[in-house]
1. Considering only the stretch 30-64, state which residues are among the hydroxyl-bearing types (Ser, Thr, Tyr) and open to solvent by less than 20 Å² (accessible area, probe 1.4 Å).
2. Among the residues of the stretch 88-110, how many are modelled with pLDDT of 95 or more and closer than 15 Å to VAL135 by Cβ?
3. Anything in the stretch 1-55 that is under 11 Å from the mean Cα position of the chain (by Cα) and of a type in the set (Lys, Arg)? List them, or say none.
4. Only one residue in VAL36, VAL9, VAL43 is among the hydrophobic types (A, V, I, L, M, F, W, C) and under 18 Å from ALA92 (Cα atoms), so which one is that?
5. Without any contact (Cβ under 8 Å) to a residue 12 or more places away in the chain and either assigned to a strand (DSSP E or B) or of a type outside the set (A, V, I, L, M) (or both): which single residue out of THR67, THR74 fits that description?
6. Would you pick out the residues in the stretch 55-98 that are more than 16 Å from MET121 (Cα to Cα) and either touching a Pro at 6+ places or on another chain (Cβ under 7 Å) or hydroxyl-bearing (Ser, Thr, Tyr) (or both)?
7. Which residues, counting only those in the stretch 95-122, are without any contact (Cβ under 8 Å) to a residue 40 or more places away in the chain and either aliphatic (A, V, I, L, M) or under 20 Å from ASP48 (Cα atoms) (or both)?
8. Taking the stretch 25-40 only, how many residues are touching an Asp or Glu at 6+ places or on another chain (Cβ under 9 Å) and farther than 11 Å from CYS73 by Cβ?
Amino acid sequence: MKDEKGMRVAIAAARRGLKSGGGPFGCAIFRHGKLVASACNRVVKTNDATAHSEVRAIRLAGRKLGTPFLRDCTLYSTTEPCPMCYSACHWAKIKRVVYGSFIADAARFGLNELRIPAEKMKRIGYDKIELKGGVLREECLELFKGWWASGGKPY
């Protein structure tokens, strides 16, 4: 499966979230080329600081597959996972993480990001997750721009 296809599903999830007052983040999880789960950010909407799109998608995928371990899965995220989301990927044993924009991009739009790149977390944690960043980055940056233009406020 092409990574662009998975990222477009994550972007669509982020757009759904933006329409309902959520943040500019989306995630999709695929297993063997088939969509397992997708989710958008619901932090502000649910008053739950852990309701990031990645965490929500991992929860949905685990329920759907009947296991907490997503070994054969690829997670697509519109933005590089924060430390909480990266850790969730680690604990879920996700094989690959593909992301569009970078943590530094989110910070430039005023979002409260811990500026620890996924590659650094992988390296210092001796983690085995395969990482690929910058996939459809410009389209992912458009999510931030649209969110900001519509009155989005930094968290």
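1. The first filter runs over the stretch 30-64 and keeps only residues among the hydroxyl-bearing types (Ser, Thr, Tyr), leaving 38, 46, 50, 53.
Scanning the stretch 30-64 gives a single hit, SER53.
2. Our first condition is that a residue be modelled with pLDDT of 95 or more; within the stretch 88-110, this holds for 88-102.
Next, only the ones that are closer than 15 Å to VAL135 by Cβ stay: 96-102.
Number satisfying all stated conditions: 7.
3. Residues satisfying the conditions do not exist here.
4. Numbers: VAL9 fails: under 18 Å from ALA92 (Cα atoms); VAL43 fails: under 18 Å from ALA92 (Cα atoms).
On inspection, the qualifying residue turns out to be VAL36.
5. Values: THR74 fails: without any contact (Cβ under 8 Å) to a residue 12 or more places away in the chain.
Being without any contact (Cβ under 8 Å) to a residue 12 or more places away in the chain and either assigned to a strand (DSSP E or B) or of a type outside the set (A, V, I, L, M) (or both) holds for just one of THR67, THR74, which is THR67.
6. Our first condition is that a residue be more than 16 Å from MET121 (Cα to Cα); within the stretch 55-98, this holds for 55-78.
GLY62, THR67, THR74, TYR76, SER77, THR78 - these are the residues of the stretch 55-98 that are more than 16 Å from MET121 (Cα to Cα) and either touching a Pro at 6+ places or on another chain (Cβ under 7 Å) or hydroxyl-bearing (Ser, Thr, Tyr) (or both).
7. Selection gives VAL97, ILE103, ALA104, ALA106, ALA107, GLU113, LEU114, ILE116, ALA118, MET121.
8. 3
The values are calculated or read from the model by the stated rules, or taken from the named source; none is laboratory data. In this text the structure is predicted, and so the values were computed from the model without any measurement. Cβ atoms come from the backbone with ideal geometry, glycine included; neighbour counts cover every protein chain shown. Ligands, DNA and RNA are excluded from the accessible area calculation, which covers all protein heavy atoms including side chains. Shrake-Rupley method; radii C 1.70, N 1.55, O 1.52, S 1.80 Å.
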